[in-house]
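*Asks:* Structure in structure tokens, see below.
Quick note: the coordinates plus some simple rules give every number you see, no bench work behind them. Predicted model, so just to flag it, every value in this text is computed and none were measured. All Cβ positions, glycine included, derive from the backbone under ideal geometry; neighbour counts span all protein chains shown.
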């Protein structure tokens with residue numbers, strides 16, 4: 001049993017309802033377009049985020065590697081400094097070792113190695129290296145004076161004699177030594 005119902009409506013109301021329906025269809029269409037644009041932006045942002053995340057991971061790996069390399073470099077520099085200081089200490093009295101250690105504590109590792117190298121070059125080859133800063137020049141001169149003072153003491157003199165016995169004297173130097 002089907003019953004038909006009749007609804008009576010004014011033409012003005014019908015026209016207004018149809019206009020509202022068209023307006024809603026237009027609004028829904030605009031919203032669908034906006035959602036589509038937002039979806040595309042979201043996909044682009046996700047892609048960019050993946051790229052940035054990968055770059056961040058790579059950067060972290062590089063940072064860890066650089067920290068490890070820096071630590072190894074610092075350890076190597078410390079070992080070099082210790083070896084050079086050991087060589088230098090062979091030529092100094094205990095008092096002058098303490099003085100050199102006190103002076104070098106104000107320098108950075110690279111500067112300490114440079115200073116010890118300059119002092120050893122002076123000690124072994126008799127050549128004074130040029131130091132850049134005035135304070136380095138002054139410290140270098142002080143250390144060289146102490147080395148010259150220590151050269152007549154027993155430990156450095158004994159070390160020099162051991163080296164001469166081991167490697168010998170140049171023939172011209174032997175003649176000079178024999179003439180004295």
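*Asks:* Residues of segment 14-39 with backbone nitrogen within less than 20 Å of a virtual label 7 Å along the Cα-to-Cβ line of residue 49, please, listed as ranges.
*Replies:* 35-39
*Asks:* Let me ask another. Once segment 1-71 is represented by equal point scatterers at the alpha-carbon sites, with solvent omitted, what log10 I(q)/I(0) does the Debye formula produce at q = 0.13, 0.19 Å⁻¹?
*Replies:* -0.71, -0.89
*Asks:* In addition: Note the per residue figure in Å³ for the convex hull of the C-alpha positions in the chain. Walk me through the intermediate numbers first.
*Replies:* Working: hull volume 55.9 nm³, N = 180.
Taking the convex hull of the Cα positions in the chain, it is 311 Å³ per residue.
*Asks:* Calculated from DSSP H runs of 4 or more alone, at -39500 (n - 2.57) each and per residue, what is the 222 nm mean residue ellipticity of the chain, nearest 500? Don't jump to the answer; show the numbers that get you there.
*Replies:* Details: 6 runs with 147 residues, N = 180.
Counting only the DSSP helices, I get -29000 deg cm²/dmol.
*Asks:* Could you work out the relative contact order of the chain, using alpha carbon pairs under 8 angstrom and six or more residues apart, expressed as a whole percent?
*Replies:* Working: 57 pairs, mean separation 32.9, N = 180.
Taking the mean separation of contacting Cα pairs over the length of the chain, I get 18 percent.
*Asks:* Then there's this: At what distance in angstrom do the alpha carbon centres of segment 41-73 and segment 5-23 lie from each other?
*Replies:* 62 Å
*Asks:* Still on this structure, I have one more. Compute the length gained on full extension between residue 98 and residue 165: take 0.36 nm times their separation in residues and subtract their Cα-Cα distance, giving the result in nm to one decimal.
*Replies:* Using 0.36 nm per residue and subtracting the Cα-Cα distance, I get 21.2 nm.
*Asks:* Here's another thing I want to ask about it. If a paramagnetic tag sat 7 Å from the Cα of residue 106 along the Cα-Cβ line, which residues of segment 125-154 would have the backbone N under 14 Å from that point?
*Replies:* Residues passing the 14 Å test: 133-143.
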